[in-house]
Each structure stands twice: as structure tokens, then as C-alpha cells.
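Take a look at the structure below.
The values are calculated or read from the model by the stated rules, or taken from the named source; none is laboratory data. The structure displayed is predicted, hence computed values, not measured ones. Cβ placement follows ideal geometry from the backbone for every residue including glycine, while neighbour counts extend to all protein chains displayed.
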Amino acid sequence: MSIDEAFVDSAAPNAAALTKARKLARGGKLLARHQDADGTLIFGECAGSGKQAYRPSADFQDPSNPVYRCTCPSRQFPCKHTLALLYAFASGEAFTVADVPEDIAAKRAKQVARAENRKARAAKPKKVNKRALAKKIDAQLDGLATLETLLHDLMRSGLGAITAKTAAVLEKQAKQLGDAYLPGAQYAVRQLAGALGADENPEAAYDHAIAQLLRIATLCKRGVTYLEARKADPELTPDTRTPIAAWLGHAWQLSELRALELFEENAELVQLYFRAYDDLARRERVELGVWLNLKSGALQQTLNYRPHRAERFMKEASSFHHVRQTPCLYRYPGETLPRVRWDEASERPLDPRDLATLRSHALDLSAAIKAAKGRLKDPLYETAFALVRYDQLGRVGDATVLQSGDERIVLNDDAGCDPMETVALLELVDGALHRNQVALLAFRPQAGAHSLHAKPLTLISEAQIVRLAL
Amino acid sequence: MTIAALRETAIELRRLTIAGSPLARGDFRLKKLVPVLQQTGKKAAVFATIAGALETLLESPKAQSAQHLLRATTLVNAVLATQLKHRVEGELVPLEAADLHLSNRPVAAKTMREILEALSSTGSGRLEVIVEGHRSGYFRDLRLMLPALRALDDRYSELAEFMEQEVLPTYGRAILPHLQRAFAQEKGYAQVRRLRLMLRLLSDAERRALCIELAESDVLEVRAAAAGGLTGGGATKELFVLAKDRAHEVRAAAYGALATEPDALDFLAKAIPTQDGQLASTALATLLAQGVQDPVTQGLAEQADAYLANVLERKKAHHLRKLLHWLRALAGDKRGPGIELLLRVAAQRAALSKLPAAVKADIDGRHFVERLDELLATCGDERATEMLLERLNLKAPRHAFEASVRTRNPAFVYDTFHAVMARKRRDRELLSDQIVCGYDEGLPPRGEVAWDPRWLDLAIARNDRQLAFMLLTASHGPAIQYAEDIASDPKDHESGDALLALRDAGYARWSSLLDRRIAAQRTGRHSTKTYWSDQRFLESFPFDALSDQELADAEAHAAKMKGSAEAQYTTRMAEERFRRRTSTKGS
């Protein structure tokens, strides 16, 4: 197992735990540091507030699914004591070889049994209650019909006539959509309410609200088409070509994706971009990762949602700087930037061959722009991502420009989904990154200017990946 | 033309969405656009589709207007999305590369975000996060650079100053363009921080050019910073102007800068009788200390003599301050004329000490001679020492003692002054403190003074711990035993000081004493007094002087302890260990 600081960072449930763990490790609170003979278990003792020292351990018996244990009462896993132990290991502290403690040996046996049970359960075909599903589809269709009525009412009254009362109506409607098994539509309505109530320039607020109205209209139209087609199918098969089911709010189970053959074996992914933000409409903390699949060259995304109410009890996703290896990569329906998930995964260090593979999957700027325009004409999307190779970064007047062959695009911080200023950082990176490299770009139309700009998120050279955003 | 019509259509549809879809029926402005789109529709079917959608909208009754308006808007926006402009014409100028050599060490986003939030939010605990981030090297990550620069504006001044003094200088000259841009746009104290940082990063010539430019700034702090930056020659003219500024801060900075300018000698001499006499005398003393030809100093001494004569002849106390400025200025010259002047003035001590305070003067003769004695004590001239010893009073031996330490042998100093140690506690402590601390300007730095060994015997006999610790040598058996007894007693609030003294004396067994002390601390009960002594001990303890083995041994003891004071031992030692590992990796 290769445990370095980056591994410990990514294993931590949140930044606070990491800071506390670092203090514990530096403060000499680790009273004992051991590992077992085959190097799959590290364990020790860590002084805490109680009389007895806590006994944290990190078990790598199954490297793709490490188990963190501790005798402290914390509900976070790994807790700060386990992280301190990992941190000490990563820092090269001396760990003496010792026998596996009895309690951990017993837990290991139980863990193996649990894993086998889980596999057996996963192998069993899942029964679908078709009658209940049909009933659910009817409820969803009713919900969409109500949403359409609300949408038309809004269009008839006009955005200029919207009052505080409208926001209350929208919130009520959003609640009903949740009851109608349409959390995706509920989210879209809350976003509309947010756009209408935004305390910003009224013209910009109108633009956001109109974009949101078109999004809801498209969602209603495609949702109704999809649900009616599914209802008409005796097997009630979901759509696997488009992401409409997820847009409506369907939470795909891994077993469903496996049954629909939406998976890839022995996949390797490299994360190129990570962003964590609070989505007020969803009332959740969202952690987005954009990855490149080394085998297929496709850009794929991971999304980790943590409801605000339960945020601190759920593991926080973080940036990842190694190569993620998974025996089975599950892919959500959709062609462009599909969401991916995995059940078990391991990692290996990134090497220059991976960087060469990454770079080989980059597109020409013209092809990337064409694909971005194709995606952005769909009202359901507001940003497009592409891995692009470029000849030069430079300036034309005041604008920072990326040039690839005869094609150019203006780089603009407003063009992406990320609030970090990344364009200014281009002047601060190593000069070798200004020519003949590859960049992950986010494309977004500039409101009112009828132009398409891009925001640089990551630069990839033959030697390194330089992230410009968090 | 068609795209223009399409954009116009989008604007009209937006207007109708805001006004309400029923108004679309028969809308004149929208109707005007239909023929244009129909015409283009003959070549591209999508335009015909849009024209059809508009016609339907124009004819739609109120009930259906909403869905038709949505359809038309969706269509038009989709086509416009495919027609977005992205090209930019003109000559492409390559970006300039910054010579930053930042780290590309992977840092977890959650760690970076915590620092980023500390840099850009408000509230308590932010500085700790930033200090920790700086110590861990996270500011070498490119992404924190711009937020770090913006933090110069932070309302929490300690944080902004930490960024200015510790974090931002590590980026070097690469941040200069950012500082210059922000400096030009902003006002207030953040601007001064930027200026100070720029002055630190610019080359000498650039720094001087910028300071000359800013010497006329309206902002007092900017003028002061600019004045302070005009060192290194070539800007004396500007400094002369700034030395007459209406603000004292600016004048002080200007005089500080003039202290490095040999050309400023006359200017400073002329300024001594003015309101800025003190600033000028300090600057002049610094300048003279750098070495100036005797004739120049002679000329200055003659001017001072004229003041002395004036004071004695007219018995005007208000000239005493100016005379004192002259003496302080010439004290920088340790060779001829400065010393001679001092001795000439000292010879008139009796007459000068009787001068009463004038109405406007803030010193009288008595205060003047006190300052005079200070100068005599530090000038290092045997004649001055003789003068002070002639008037030796064991109740107030300070200046004579200082002068003797500088000019006489250790045995003489002991024989003359040891009797002070038998006097009242106040007198005794005064002398003891002078030897121990060496902070007094009167004494040379610690390492440069040799002390008679009898002082150590006397200190132990009188149980003057601070004096004994300061003079402790490894070869003095009774003194070592004395310090060891104190160091071994964890209840003694000076045990930490004793341990440090043993270490400084090169006592071989001191690390085992440290272990014993830590072990005793583990089992002992701690009073508040002991706790504070631990704090002081920790603050002054040179953990970096421990060998790796000593550090590991001491840490092994400390790690078994409980309690807040002990936790600090372990923290400090572990920090030191981490620091060593990091510096080893770095090298």
C-alpha cells in the first residue's frame, strides 16, 4: 500500500479532521505505532481526552476498500486519531512490527463475511414491483402536468409582474414535485425561485430566469415523452441513451446500471478538476469531480451530494491526484460528461505514460468548440467541458487568448462554473506551459455578447498536471 | 443580416417574456421580423421553422400564448447558441513567464479551501490557519497567490501584516505587477502595505525611482514609506525636501534615510539646532559612525563648542538641549574630535549642572549632566572613565561601572564594585541586572566581556540566581552543583532558567537533567506559578540545539505525560522534529 500525504488528505472526512490530526501527530500524541507482518494493517495508540489512550487502526486487507477503526466515540471515519496514525506513517515515522490485536482480528473475519454476503446479495436479480412503478410514473406525469401549468401561468403573467407571492407559490409547487417523485424538477423550480429573487442587476436576473424557464419547459417536454414511452413499454425499461431519468431526479442504483450493462471493467481515471460548493436550491453540499477515463478518453464526472442537514456526518469528497483504478466503473446514461460511480477502487501513482495518454485524448480547439456549441444549445446545460490541445497562450489587446492552429478563443473567468480566478494565473505558471500543451476548458456563452468564451481549469504538460482551480 | 435578425428576434421574445405572453398576439415588432426569416428559410430550413413558430405565436390566443412563446424562444436560443462568436482578431503577443518556481505538490482541495476561506472571510481563528498553511508550505501553491495578495487589504491588521512580512515576499518579484496595479487603484493603509512590499522586492534603482515618484503623494503614510525607501544614494535632494515635511512621521523616515548619505552631513549639522534636532543628531551619529574625515568632525565640534560657550556665557538653559543633540551626534565619532568635545563639556559639568530650567526648555542642568554621564560611560575612553570614577558613588555606580567594564581589567571592576553587592537590595539588583541582562546600552554584548570569577562566588554566596546563571561556567564545580540543584527541583519556578544556564555553560549532563525534569514534571503537582515558569521555559528553550538522540529521548519522556504544560513540551519537540525532517527533505 502506498500511503502519502495526498492519500491521507483524500481519506479525511473533512478539513477540520485533517487539521486536528496533523496537530495530534505533531504534538506527539501517538503513544505507539505498529504495523502487522504483511504490512496490511497499521495500528497504534493515541492519547485523547480520556484516561485510556484510543486505539486507532487502518486496515488495508482489501486495498480497494480500506477499513478505519478507532476506540474513540467519534462518528467520523476515519477519525482524527486514525488520520494522525496515517499521517505519521506517511511522514516516514518508525512503525514497529507487531501481532494483529485480537479484537481487530475478530473484526477482520466479520468483515470478510460481510463482503461475501454483499456479493451474494448483489448477484441476486432485483425484483421490480411493476404495479408500484406504473403508479409512480402516473404520479410523475401528474406532477409534470402541474409544473407545466405553473410555467404557462408564469409566462402569461410575465416576469415583470412577479412579486414576492410568486416565490411562495413556487416553493409550494416545489414541495408538491418532491411528493410526485420528481426531485430533479423540484430542484429546477427552486433554482427558478432563486433566479427571480436574486438580489442582482434586474436585467441579469431576467436572463437567468428566462434560461431557467426554458430549462423547465424542456424538462417537462422531454420528461413527459420519456415517461409516456416508459409507461407504454410492458417491461417499463428506463431510457439509457439520455440523462433524462437523472434530470427528473431518478437515483440510479449500481445494480440497475449493471443490469442495463452501463459499466466498464478495469477502468482507470485521472481527476482533472474538482470543485465543492453549496447548492442552495438543492440544499446540499455538492462535490464535483471531472475525470478523464484513460482507456476511452472520455470526460466523466463524479458528483457527491451531502445534504446540509447531515453534512458533517457524511464523508467529504476531495481532490484526487493519483490514478483511480476500479474493477467496475458504473456509468449513468448520457453521452456527454456522464456521471460515473464505483463500488470499490484502489489507486496508483500517476506516471509520465499516464500524462502522455491524457494528452493524446485532447481535442483540436475547433472540434471542442463545435461540441461545446452543440451541447450548449440544449437548454438543460449551461457549461461544457473539453480537453483541448493548444499551440500558444497569449494576449490580443486586453484579452487572454488560447490559440490552436488557426483557431482562437478568448479565456475569461466568467466563462466557467468556478468562482476562482484562473486566467490571471496563466501569467504565473511556468513558461513551458504557455506553448504546446493541453488544457481542460469550461465553455459558457457570454450573456448579451453573443460570444463563446472559455475558462481554463487545468493545464497538462508532459511532466505535470497544474490545477488552476480548487 | 440573418443572424442580426435572429438576435433581434431573441430580444423581442425576451421583452414579451418579461411583459407577458398574451401581448405577443399581433405584436408589431415581432411581425416585422417574420418576412426576413422566411426569406432566409428558403436556404436554411431552420429559419423557416422559426418563422413558422413566430407566426403561430403572433396568432395564438391568450391560453396558448405561453407554450408558443416558450417554443419560439427555445428554438431561437438554440440556433443562436450554434452561432456564438469565439474568434478574436489581432496580433497574438505571447504571455510573459513569471520566474516563480512554485511547487506542484498535490494538496487536498479541502485543505486549500480552508486556507482560502481564512484569507477571504472574517471571524476568529483565521490567522492560525494561515500561519499553519504558511508553515506547511501550502502558499507555494499557485492557486493561493492571488487570494494571498488580496489579503493585504484584510481588516484584521495582524493578518495583513503577516501576509506582507512573511508570506508574500516568498513569491519574489513575480508579484510586482499585481502589487503595482492594485497600488495605483487603492487608497488607505493597504496601499502602504503594498508599497512597503514593493520596496522590499524592487532593485535599488527601481526602488529609488518609485520613491522619488511617490515623495509628493497626498497620503502621509505613503510619503513616509517613500522617504524610508530613498536610501542608497542619488536621492538626497528629495530627502532634504521630505525632511522638511509637515508630518513628523515623514521627517523621521527622511532623517533615517539621510543617515546613509555622506552628502547629507552639512544638512544634518544645520538641522541640529532646529525642532528636528533629535532626529538629526541620531542620523548624524549613524553617519559619523561609518567613518568620516577628522576635519569634517572637527568642524562640527567647533560648532558645538560655540554652543557650549554660549550656554556658559549667557547661562541659557534652553541651549542645553541643542548642546545635547551635538554631543549625541558626535558620539558616533569614536576617534578624535567627538571624544574631545565630550571631555571639554564634561569638564564644565559643575557649571552646567546648576543651570535652572528655562521657561521653554524641557531639560535643566541636572538632567543634562545625567545624559552627559551616559555618553561618557559608553564612549570607551579611559579619560572619561577616570572622570566617572572620581565621582564614584556606590549608591549610584551605574555609569562608572559601565565605563570601567569597557576600559579596565576584570579584577579592577570586581575590586571596585563588588561592595555594591553588599548594599541595599535595590542597588544590588541594579548592578546584578546590568551584568545579567546586558540589555543596557551601557554594556557591550555579553560575549565580549570577561568577568572576574569572584563575581560567581559572590552570586552563589548571596543566592543571586540570575547573576549566577549568567556567569555560570562548566569548570566551576560549586556553581554547577548550585544550578543543578535548582534545575532538578520541578517545584522551583526558576528550574527552567537553571537548565538553560547549564546548557549554555556547556555542561555535559544537561540533557539527562532535562529528562529528569520532564519525568519529575509528569508526576509532580503543578501550581499556577510552576505553570507560568513552564511557559517561560518553553518559550526560551532552544530545542533546535538538541541532538536528534536527545530530542528523541526527551520526547519519549514527555509523550507519556498528561496535562497542558506537558503537552506543550511534546508539541514543541515534535514541531522541531518535523522542522528538521522538512528541511532535510527540502535540501
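Brief remarks follow.
- Wholly enclosed helices (runs of 4 or more DSSP H) of region B:172-242 bearing at least 1 residues among the hydrophobic types (A, V, I, L, M, F, W, C), closer than 16 Å to B:Gly256 by Cα and in contact with a helix residue (DSSP H, G or I) (Cβ under 6 Å, 6 or more places away or on another chain): B:189-201, B:204-214, B:220-229, B:236-242
- Only one of the numbered conditions (1) at the interface with another protein chain (Cβ under 7 Å from one of its Cβ atoms); (2) surrounded by fewer than 20 Cβ atoms within 10 Å (Cβ to Cβ); (3) farther than 30 Å from B:Arg7 by Cβ is violated by A:Asn436, and that is (1).
- Of the residues making up region A:1-17, those that are of a type in the set (Asp, Glu) and either surrounded by fewer than 21 Cβ atoms within 10 Å (Cβ to Cβ) or more than 7 Å from chain B (Cβ to nearest Cβ) (or both) are A:Asp4, A:Glu5.
- From B:Tyr138, B:Tyr171, B:Tyr156, residue being more than 19 Å from B:Leu102 (Cα to Cα) and among the hydroxyl-bearing types (Ser, Thr, Tyr): B:Tyr156
- Count of region A:442-465 residues which are outside any loop (DSSP other than H, G, I, E, B) and more than 23 Å from A:Asp207 (Cβ to Cβ): 6
- Any hit, region B:11-19, residues being touching a residue at least 60 places away in the same chain (Cβ under 8 Å) and either within 13 Å of chain A (Cβ to nearest Cβ) or out of contact with any helix residue (DSSP H, G or I) (no Cβ under 9 Å at 6 or more places or on another chain) (or both): yes
- Test set (1) without any contact (Cβ under 8 Å) to a residue 24 or more places away in the chain; (2) closer than 30 Å to A:His322 by Cβ; (3) more than 7 Å from chain A (Cβ to nearest Cβ); (4) basic (Lys, Arg) - B:Arg105 fails condition number: (1)
- Cross-chain or 6+ apart pairs with Cβ under 8 Å, region A:163-184 first and touching a residue at least 24 places away in the same chain (Cβ under 8 Å), then in a loop (DSSP other than H, G, I, E, B): A:Tyr181/A:Gly249; A:Leu182/A:Gly249; A:Pro183/A:Gly249; A:Gly184/A:Gly249; A:Gly184/A:His250
- Residue list for region A:406-431, restricted to those being part of a helix (DSSP H, G or I) and within 8 Å of another protein chain (Cβ to nearest Cβ): A:Ala424, A:Leu425, A:Leu426, A:Glu427, A:Gly431
- Test: B:Arg194 is touching a residue at least 12 places away in the same chain (Cβ under 8 Å), surrounded by 14 or more Cβ atoms within 10 Å (Cβ to Cβ) and not aromatic (Phe, Trp, Tyr): yes
- Hits in region B:92-102 - residues which are more than 7 Å from every other protein chain (Cβ to nearest Cβ) and more than 21 Å from A:Lys455 (Cβ to Cβ): B:Asp99, B:His101
- Scanning region A:132-149 for residues that are among the hydroxyl-bearing types (Ser, Thr, Tyr) and loosely packed, with under 14 Cβ neighbours inside 10 Å yields a single hit, A:Thr149.
- When A:Ile460 is tested against (1) facing another protein chain (nearest Cβ under 10 Å); (2) within 25 Å of the chain's Cα centre (by Cα); (3) in contact (Cβ under 8 Å) with a residue 60 or more places away in the chain, only condition (1) is not met.
- Residue in region A:56-65 that is touching a His at 6+ places or on another chain (Cβ under 6 Å), closer than 30 Å to A:Arg285 by Cβ, part of a loop (DSSP other than H, G, I, E, B) and not polar (S, T, N, Q) present: yes
- Of the set (1) within 14 Å of another protein chain (Cβ to nearest Cβ); (2) closer than 30 Å to A:Thr242 by Cβ, all apply to A:Glu311 but (2).
- Matching entry among B:Ala519, B:Ala505, B:Ala498 (being touching a Ser or Thr at 6+ places or on another chain (Cβ under 8 Å) and either among the hydrophobic types (A, V, I, L, M, F, W, C) or at pLDDT below 60 (or both)): B:Ala505
- Residue match in region A:43-50 (condition: in a loop (DSSP other than H, G, I, E, B), more than 10 Å from chain B (Cβ to nearest Cβ) and either under 17 Å from A:Asp103 (Cβ atoms) or of a type outside the set (Gly, Ala, Ser) (or both)): no
- Pairing residues of region A:278-305 that are basic (Lys, Arg) with residues that are surrounded by 17 or more Cβ atoms within 10 Å (Cβ to Cβ) and assigned to a strand (DSSP E or B), at Cβ distances under 6 Å and at least 6 apart in sequence or on separate chains, gives A:Arg285/A:Arg306.
- Residue within region A:239-246 that is in contact with a His (Cβ under 8 Å, 6 or more places away or on another chain), of a type outside the set (Ser, Thr, Tyr) and either away from chain B (no Cβ under 14 Å) or closer than 28 Å to A:Leu133 by Cα (or both) present: no
- One residue stands out in region A:201-238 among those that are within 18 Å of A:Leu144 (Cα to Cα) and out of contact with any helix residue (DSSP H, G or I) (no Cβ under 8 Å at 6 or more places or on another chain): the one that is nearest to the other protein chains (Cβ to nearest Cβ), namely A:Lys221.
- Residue satisfying all of: in region A:119-166; among the small types (Gly, Ala, Ser) and away from chain B (no Cβ under 14 Å); farthest from A:Glu344 (Cα to Cα) among these: A:Ala164
- If you go through region B:110-145 and keep only what is crowded, with 20+ Cβ neighbours inside 10 Å and in a loop (DSSP other than H, G, I, E, B), you end up with just B:Asp141.
- Residue match in region A:268-275 (condition: under 15 Å from the mean Cα position of the chain (by Cα) and either basic (Lys, Arg) or surrounded by fewer than 19 Cβ atoms within 10 Å (Cβ to Cβ) (or both)): yes
- Filter result (within 14 Å of chain B (Cβ to nearest Cβ) and crowded, with 19+ Cβ neighbours inside 10 Å) within region A:324-361: A:Arg324, A:Glu347
- Residues that are closer than 22 Å to A:Ser451 by Cα, within 7 Å of chain A (Cβ to nearest Cβ) and surrounded by 16 or more Cβ atoms within 10 Å (Cβ to Cβ) do occur in region B:60-76.
- Residue in region B:206-221 that is within 23 Å of A:Ala424 (Cβ to Cβ), over 16 Å from the mean Cα position of the chain (by Cα) and in contact (Cβ under 8 Å) with a residue 40 or more places away in the chain present: no
- Residues (away from chain B (no Cβ under 11 Å) and either within 22 Å of the chain's Cα centre (by Cα) or buried (at least 21 other Cβ atoms within 10 Å of the Cβ) (or both)) located in region A:18-34: A:Ala21
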